[in-house]
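Any read-out appearing in this document is the output of simple, stated calculations on the displayed coordinates, not a laboratory observation. Only a predicted model underlies this, so the values are computations on that prediction, with no experimental measurement involved. A quick note on method: Cβ atoms are made from the backbone with ideal geometry, for glycine too, and the neighbour counts reach across all protein chains shown.
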């Protein structure tokens with residue numbers, strides 16, 4: 001036995017003090033007084049009382065001594081060691097999307113029991129394990145949600161463990177136990193007696209050294225998947241797949257347009273259990289901002305019962321300024337590919353004006369040798385170093401004869417996007433400007449390892465494309481590749497702000513940073529706000545919730561708003577998943593260690609009984625009638 005507060009035993013000093021008081025109190029002297037009328041009257045009352053019993057005093061003293069002893073022990077707080085009774089527990093809590101499913105409600109005595117989620121059931125099971133564990137056991141909780149987190153590690157504090165457990169909420173992503181099993185394996189290697197318990201809603205074909213507690217119950221769940229749309233003429237068609245996971249169902253789909261609460265059409269489909277059923281809903285509309293398709297019937301998981309598609313229209317400024325002495329080649333292709341106002345001026349006319357979405361400098365060094373800071377810049381045959389360009393000019397190279405340039409063979413996504421559709425053969429030039437990078441650029445064409453067409457980001461955060469030769473010194477403008485190249489560079493220069501409007505939870509959404517973009521604010525369905533970096537060409541954010549993400553962009557002082565739909569991961573819609581394996585490597589041992597028994601509650605109960613007994617003795621001694 002040990003004591004948390006040993007100084008509390010000083011209270012035992014009260015025992016000899018109490019005995020001394022009792023001894024002194026018992027030494028009284030009997031005196032005889034004369035009989036009087038009052039004494040005679042008092043005898044009538046005394047006859048109704050019993051004489052004080054010595055035994056009652058002794059009992060009272062014993063009870064008081066026991067009370068002093070128990071109070072001292074309560075203050076000292078004894079802890080009794082119980083050999084080989086405690087264990088180390090590692091709880092792994094599944095916080096994936098399917099754990100949001102609710103149990104079926106039951107009706108008993110005319111009352112409907114409340115529906116609780118699988119996640120709440122798992123937390124209740126963990127709470128029960130912690131409460132039932134003998135004191136001295138230690139607990140670790142690994143939560144697998146948006147990421148894998150160790151909520152607490154090897155703690156004996158049950159109260160703290162339960163408090164942190166109560167704060168957890170389920171996520172919406174697909175379950176990935178790799179990191180959690182890796183962490184648990186480390187604990188298991190240190191103590192092979194570790195009891196690892198996985199609380200989840202999936203079954204596993206192979207389990208080793210882990211106890212799997214499946215909190216799933218049989219529930220109905222329906223889901224929408226692979227939803228897409230086509231808009232041909234005035235006909236909008238939304239198609240996809242409809243699944244019922246538990247049983248055959250007749251499910252009704254409703255189609256809503258532009259946020260209206262009244263559907264424009266609906267249709268009922270016969271769906272076989274666990275068999276994705278194709279569907280298509282159509283309506284006549286010339287344009288739309290959003291379309292929503294939703295299942296009418298309710299089920300255990302509401303997050304996969306609807307799908308929303310937003311129509312994004314690029315709002316970039318396409319106005320272009322072309323500064324060139326001989327603008328024919330570049331102006332003609334720009335007018336054929338770009339539906340915008342193109343302002344053409346000579347180098348002498350250029351006065352550093354701003355306000356354009358695209359600046360093209362053809363054989364002209366920008367004013368004051370500094371790039372504009374409010375738009376995309378194209379540099380064609382600019383033989384001079386320009387501040388903020390991200391590259392340096394190392395010299396003008398004249399070739400003895402026309403030489404071929406070569407298309408990049410890089411497999412990177414950025415390169416493949418910029419060279420898409422380009423053949424790349426048969427392009428010759430007789431002169432080029434040798435350039436060196438001090439920022440990251442994507443090379444499209446090169447000559448003997450020297451980049452001659454490349455694209456990237458300026459030091460001001462704007463997009464930049466460079467053709468390091470005079471178009472008149474090459475046969476490129478005469479080839480079909482020229483038109484494709486300019487089209488790709490325009491797509492690079494004027495990207496859609498939002499590339500996609502539909503994602504699955506767990507994916508990263510990309511937002512392109514256009515010219516003059518001052519800020520990008522992203523608000524999640526639950527109201528969490530993050531701000532993206534506007535210094536690069538694009539930035540992305542992780543989708544961790546099901547619902548609509550709102551992207552607010554401030555461009556040149558004007559606010560623009562876009563919406564992204566984050567759908568439930570398809571794998572998490574199935575309420576009865578059976579996965580392959582979950583295991584810890586090694587051989588498990590007993591691994592128990594000494595536990596602790598806290599008798600404080602027994603002491604308090606005993607103390608209460610003694611106080612009651614002492615009070616009863618006192619009442620008996622003072623008030624008991626004969």
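Quick notes on this one:
- In this rough spin-label picture, where each label sits 7 Å from Cα along the Cβ direction, the residue 284-residue 336 distance is 3.9 nm.
- The calculated FRET efficiency for residue 472 paired with residue 414, based on their beta-carbon distance and R0 = 30 Å, is about 0.55.
- Cα gyration tensor, the stretch 320-493 - rounded (a/c under 1.5), prolate or oblate: rounded
- Note on the chain: antiparallel DSSP beta bridges, both residues inside, total approximately 70 percent of the bridges counted.
- Compared with the dominant Cα axis of the chain, that is its longest principal axis, helix 480-493 is turned about 30°.
- Working value for the stretch 400-493: equivalent-ellipsoid semi-axes of 20, 16, 12 Å, each the square root of 5 times a Cα gyration tensor eigenvalue, largest first.
- Subtracting the Cα-Cα distance of residue 17 and residue 619 from their residue separation scaled by 0.36 nm leaves 214.3 nm.
- Sorted by Cβ neighbour density within 10 Å, fewest at the top, the residues 102, 144: 102, 144
- Our estimate of slack between residue 296 and residue 232, defined as 0.36 nm per intervening residue step minus the Cα-Cα distance, is 20.3 nm.
- Residue exposure proxy: 262, 218, 223, ordered by other Cβ atoms within 10 angstrom of their Cβ from fewest to most, comes out as 262, 218, 223.
- Spin-label pair residue 311-residue 154: with each label point 7 Å from Cα along the Cα-Cβ axis, the two points sit 6.1 nm from one another.
- Seen against the Cα atoms of the chain and their longest principal axis, helix 328-337 is set at about 50 degrees.
- Each of 151, 568, 553 has some number of other Cβ atoms within 10 Å of its Cβ, and from fewest to most they run 151, 553, 568.
- A crude spin-label estimate for the pair residue 274 and residue 131, with each label 7 Å from Cα along the Cβ direction, gives 3.6 nm.
- Between helix 600-623 and the chain: long-axis angle, C-alpha atoms, 0 to 90°, nearest 10: 30
- Prolate is the label for the stretch 222-311, because a/c, from the alpha-carbon gyration tensor with a ≥ b ≥ c as root eigenvalues, is 1.5 or above and a/b exceeds b/c.
- Prolate/oblate/rounded label for the stretch 334-421 (Cα gyration tensor, a/c 1.5): oblate
- Segment residue 406-residue 552, extension gain: residue separation times 0.36 nm, minus the distance between their alpha carbons: 48.4 nm
- Cβ crowding within 10 Å averaged over residues, with 460-473, 266-279 ranked highest first: 460-473, 266-279
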